Amino acid sequence: MGGAPVPAAMQGIEFVQDLAVVVLVAGLVGWVCHRLHLSVVVGYLAAGMVVGPYTPPFSLVHDRGRIETLAQVGLIFLVFSIGMRLSLRRLRQFGLGLVIATALGAVFVFNLTRLAGTLLGFNPIESFFLASMLMVSSSAVISKVLLELGAMHEKTGQLATAMTVLEDMVAVAMLTLLSSFIQFGRTGVARLGESLGLLGAFVALAGIAGLLLVPWLLRRLSASAAEELQTVTTAGLLLGLALLARQAGYSLALGAFLLGAIVAETPHRHQVDRAFEGLRDVFSAVFFVAIGMEIDLTELVRNAGVIVAVAALAVGGRATGCTLGLLATGSRTKEALQVGLAMTPIGEFSFIIAQVGVAAAVVPERFYPVAVGVSLLTTLAAAPLMRRAEGISTWLVAHEPRLLENWIDYYQHLLQQLRWRARRSRLWQLSKRRFVQIGVEILFVTGLLVFSEQLFAMVEGYLGRDWHSPRALEFGFWSALVLVALAPLVAIWRNLSALALLYAEVATAGQRRAATLRPLVETGLKTLAGVGLSLWLSAVVPLGGATRWLLTFLALLAVAALAVFWRKLIYWHSELEIGLHEALTEADLRGTVSTAPWLRSDGDWTLNIAECVVPDQAACRGRTLAELGLRSRCGCSVVGIERQGYMIANPPPEAALYPRDRVLLLGSAPQVQAAKRLLSAISGTEAVSPRFEDVRMESVVIPAQGPAVGSTLAALASTRCTGVLVAGIDRGGRRIINPGADETLAGGDEVLLLGTPEKIDAFRAFVRGEA
C-alpha cells in the first residue's frame with residue numbers, strides 16, 4: 001500500500017543510512033578540498049547540494065524531515081565548539097575597546113545592508129533578515145584560514161579571532177531579536193529593549209548557575225569517573241541546556257553556546273575539548289552538509305545575480321565596517337585595514353538566521369540559496385584577501401589623503417588623553433566594579449523571576465502537582481525561589497548604599513556645610529535607588545492567579561527573615577562571589593599558546609610564528625628537540641609546546657615531542673614551512689609502537705654460563721636490554737621484590753620482568769648469549 005506508514009524500525013534504519021551518506025560524503029569531499037587547499041566548509045556545502053533531494057539522479061538523501069534533524073544535531077555540537085572558543089580572560093586582555101569596535105562595525109553593516117536591500121528590491125522584513133545575515137562573520141572559516149596562513153598569533157590575527165567571538169555573541173542576540181520580530185510582527189523592533197533585556201536575564205541566570213555547578217560537576221567526575229563517563233555527562237548537559245533554552249523561547253544554539261562558554265572558563269576546558277574533538281568534527285560536517293542538502297541548485301542559478309551582488313556587499317561592507325569600528329576605538333589605520341579584510345566571510349550563523357526566517361515563512365525560500373551562495377563566494381575570497389592584506393593595507397595607507405591622516409592622528413591622540421583621564425579618575429575606579437556587580441545581579445534576579453513559571457512547570461512535570469501534599473510543591477518552590485533571590489537582592493542594596501555614600505562624599509566635598517549636606521544627599525540617593533528597585537521588582541515578579549497572594553505572603557516573610565538573617569545572607573553572597581571568582585580565575589592558572597607574542601606590530605620584522613600539530617604516526621614522535629635539530633636543519637626555533645592543555649614555554653633541548661602536541665614555531669616563512677613538513681612527516685618504515693595493553697609480566701631463568709652472570713642491574717640497563725623492568729628475583733626460594741640497581745645477578749636466578757613481548761624476548765636472547 002503506497003499510503004501505509006513506514007514502521008518505526010525502518011525509519012531508524014533510514015536515519016542511520018542518511019547519516020552514513022552524509023558523513024562518508026563529507027569525508028571524501030573534505031579530503032579533496034584539503035588537497036586543493038580550499039576550505040572544507042565549501043566542500044561540505046557543495047557535497048550537500050549534490051547528494052540532496054534536489055539533484056536527481058545523484059540524490060542519496062530525500063526526506064527533508066530527517067535532513068532538518070541532522071542539521072539540528074550538527075548545529076548543537078557546532079555552536080558548542082564555537083562557545084568553547086569564548087574566553088573572558090582573552091576578551092579582558094583586549095579590553096572594552098574591541099567590544100565597542102565590534103558593535104560599531106555590526107551597526108554599520110546592519111544599516112548599510114538594509115539600505116542596499118531596499119535598492120535590490122527586498123521588502124523591509126527581507127532587508128532586516130538580510131542585514132542580520134551579513135552582520136556576523138564565520139568564526140570557523142576565519143580561524144581555519146588564519147591557521148593555514150600562519151597568522152593566528154599575529155596581532156591582527158588575534159584581533160580578528162576575538163572579533164569573530166564577539167560577533168558570535170551578536171549573532172545570538174540577533175537570533176533572539178528575530179524570534180521577537182517573528183512573534184510580534186512589525187512591532188518586534190519596538191520590543192528590542194525588552195527582548196534583549198530578557199535575553200540578558202536568561203544568560204545571567206544560566207551563566208551564574210552553570211559557573212557554580214558545571215566546574216564542580218566536572219571536578220568530581222575528573223576525580224572519580226572514567227573519561228568516557230565525563231564525555232557522556234558533558235554531552236547530556238549540552239543537550240539539556242539546549243532544550244532548556246528552547247523551552248525558555250530561544251533557539252537550541254543559545255543553550256549550546258552558553259554551555260561552551262561556561263566550560264571554556266573552567267580548568268577542564270582542554271579535557272572536554274579533547275573528548276569532543278571527534279564529535280565536533282563529525283557533527284560540524286553533518287551541519288554544513290545538511291545545510292547544502294536543503295539548497296535547490298536551480299534556485300542557486302536563478303538567483304546568481306543577487307548572490308554576486310550581496311557577496312560584493314558583504315566583502316566591501318564588512319571590511320569597511322570592521323575597519324571603521326577599529327579606527328573609532330583607536331587602532332592604527334594599517335592594523336584596522338588588515339583586520340577588516342580578514343572579517344569578510346559569512347557562515348554558520350547566517351545559515352541559522354536564514355533558516356529561522358524561511359521556517360517562519362516571513363522571508364521567501366530563496367534566502368536559503370542566497371545565504372549559501374554568499375557564504376561560498378566570501379569563503380573562497382577569504383584566503384586571497386588575508387594573504388594579500390598586508391600589501392593592500394600598505395598601498396591604502398600610502399595613498400591616504402593628508403587631511404584624513406591628520407584627522408585620524410588627532411582623533412587617536414584625543415582618545416589616548418580620554419583613556420588617561422579615565423585611568424586617573426579615582427571616583428570611576430572605585431565605582432565601576434560595583435556598577436558591574438549590580439548589573440549582573442539585577443540580570444540574575446530578573447532571569448530567576450521572569451522564567452520562574454517555566455522552571456515551576458519543569459519541576460511540576462517531574463514531581464507531579466500533588467507531590468507530598470496538595471499545594472506543598474507550589475509553596476516549597478516559591479519559598480526556595482524567594483530564598484535564592486534574597487542574597488543577590490541584599491548585595492544589590494549594599495552596593496547601591498556604598499555608591500550613595502561615595503557619591504555623596506564627592507558631591508559635598510569642599511562645601512561649608514558638608515557635614516550636614518552629606519547625609520541628606522546620601523539619603524536622597526538611597527531613596528531614588530529604593531524607588532527604582534521597587535519599580536523593577538514590580539515589573540518582573542510574576543503576579544498571575546494564586547501566585548500573587550503566595551508571593552505577597554512570602555515577601556512579608558522575607559522582610560522578617562532579612563532582619564534576622566541579614567549577616568548570614570551577606571556571608572552566603574560572599575561565598576557565592578568567591579565561587580564565581582574561582583570559576584573564572586582557576587582556568588587562567590595554566591598558560592596556553594594564545595599568550596604568544598605579536599611579531600608584526602610595526603611591520604619591520606620578517607619573523608613568523610605558526611602552530612603545528614604532531615600527527616599520531618609522526619616520525620618525530622618520542623624524539624627530543626636536540627635529536628630533531630630543527631634549528632640547524634631548518635633554521636627554526638620551538639618557542640612553545642602545548643600538551644594536554646599545559647603550555648611548556650621555551651622548552652629545553654631534552655624536551656621530547658609526542659603525538660597531538662601543538663608546537664609553536666618561530667622563524668621566517670620558509671623556515672617555518674620546512675619545520676612543519678619535518679614535524680608532520682609520517683613514519684613509513686618504523687614498526688608500529690606497542691600498545692599499553694601489550695605490557696606484561698614474565699619470568700626468565702638466568703643460565704649458569706651467560707653474559708648476564710655477575711652483572712648488576714645498573715650495568716644491564718645500559719645494554720640493548722633497556723626497556724624491561726626487573727620487578728623481582730627468586731634466588732633459591734628467597735624472593736627479592738623491586739631489587740635495587742646494585743643487585744648482582746647469579747646463575748639460576750629466576751627474574752620477573754615487566755615489559756612488551758619484544759623486549760622480554762630480547763632480554764631472554766641476551767642472557768642466553770644468543771644476541
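The values are calculated or read from the model by the stated rules, or taken from the named source; none is laboratory data. Values in this document were obtained by computation on a predicted structure and should not be read as measured data. Cβ: placed from backbone, ideal geometry, glycine included. Neighbour counts: every protein chain shown. Side chains included, ligands, DNA and RNA excluded: accessible areas come from the protein's heavy atoms. Shrake-Rupley method; radii C 1.70, N 1.55, O 1.52, S 1.80 Å.
When LEU96, LEU241 are compared by accessible surface with a 1.4 Å probe, the order from highest to lowest is LEU96, LEU241. Which whole-Hz ³J(HN,Hα) couplings does the range 754-770 yield from phi under the Karplus relation 6.51 cos²θ - 1.76 cosθ + 1.60, θ = phi - 60°, glycine and proline marked x? Coupling constants for the range 754-770: 10, x, 7, x, 5, 5, 5, 5, 5, 5, 4, 5, 5, 5, 8, x, 8 Hz. Of the GluC sites (Glu not before Pro) found in the range 318-407, those that fall in a DSSP loop while having at most 16 other beta-carbon atoms within 10 Å are GLU365. Backbone phi angles across the range 383-388, fed through the Karplus curve with coefficients 6.51, -1.76 and 1.60 (θ = phi - 60°), yield HN-Hα couplings of 4, x, 5, 5, 5, 9 Hz in residue order; Gly and Pro are listed as x. For the range 24-78, the set of chymotrypsin sites (Phe, Trp or Tyr not before Pro) satisfying both a DSSP loop assignment and a count of at most 13 other C-beta atoms within 10 Å is given as PHE58. Taking only protein heavy atoms and a 1.4 Å probe, the accessible area of the range 22-127 is 70% carbon and sulfur. Distant-in-sequence amide contacts of SER711, defined by a placed amide H-H separation under 5 Å and a gap of 5 or more residues or a different chain, comprise LEU745. Accessible surface comparison of VAL726, VAL362, VAL232, VAL79, probe 1.4 Å, protein chains only, largest first: the order is VAL232, VAL362, VAL726, VAL79. The simple spin-label model puts a point 7 Å past each Cα toward its Cβ; for SER497 and GLN416 those points are separated by 4.5 nm. Restricting the GluC sites (Glu not before Pro) of the range 229-325 to loop positions (DSSP other than H, G, I, E, B) with no more than 11 neighbouring Cβ atoms within 10 Å leaves nothing. For ALA681, the residues whose amide H sits under 5 Å from its own are ALA619, ignoring neighbours fewer than 5 places away on the same chain, with H placed 1.01 Å from N. Among the protein heavy atoms, those of MET163 account for about 0 Å² of accessible surface (1.4 Å probe, every chain in place).
Here the spin labels are modelled as points 7 Å beyond Cα on the Cα-Cβ line, and at ALA539 and GLU14 they lie 5.1 nm apart.
Heavy-atom accessible surface of the range 361-405, averaged per residue, reaches 52 Å², computed with a 1.4 Å probe. Karplus-derived 3J(HN,Hα) values for the range 209-221, using 6.51 cos²θ - 1.76 cosθ + 1.60 with θ = phi - 60°, are 4, x, 5, 7, 9, 5, x, 4, 5, 5, 5, 5, 5 Hz; glycine and proline are entered as x.
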